[in-house]
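The values are calculated or read from the model by the stated rules, or taken from the named source; none is laboratory data. Because the structure is predicted, anything quoted here is derived from the model rather than measured. Note that we place each Cβ from the backbone using ideal geometry, even for glycine, and neighbour counts take in every protein chain shown. Quick note on the areas: whole protein, heavy atoms, side chains included, nothing else; ligands and nucleic acids left out. Shrake-Rupley method; radii C 1.70, N 1.55, O 1.52, S 1.80 Å.
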Amino acid sequence: VGGKLFDALLAFVAETGQTGLYLWTFEGLTAAHRLYDRAGFVVTATETSTAWGPTITAQRMERPV
């Protein structure tokens, strides 16, 4: 289901002429990163946080359209 939703997002972005796209994710989410990598996203920023309990690394990923 997640892959289909992600594909629908990419189609919407292309159809509406968006000039770029970004998302935030967490380091270590291997399946999600495979989707993002395949779609051309790259990590452009990282932030370490303990707001969720354990220390995590959030990642901003961008994809030029």
request  = Look through the range 11-65, keep the residues that are more than 23 Å from residue 1 (Cβ to Cβ) and in contact with a Gly (Cβ under 6 Å, 6 or more places away or on another chain), and return whichever of them is least open to solvent (accessible area, probe 1.4 Å).
outcome  = 65
key: Cβ-Cβ under 8 Å pairs, at least 6 apart or on other chains, the range 47-58 side farther than 12 Å from residue 26 by Cα, far side in a strand (DSSP E or B) and not aromatic (Phe, Trp, Tyr)   = 50/56
query = If the Cβ limit is 8 Å and pairs must be 6+ apart or interchain, which residue in the range 22-38 that is closer than 14 Å to residue 60 by Cβ pairs with which residue that is of a type in the set (Ser, Thr, Tyr) and not in a strand (DSSP E or B)?
reply = 23/36; 25/36
ask   = Which of the residues belonging to the range 2-33 are over 13 Å from the mean Cα position of the chain (by Cα) and at positive phi?
value = 17
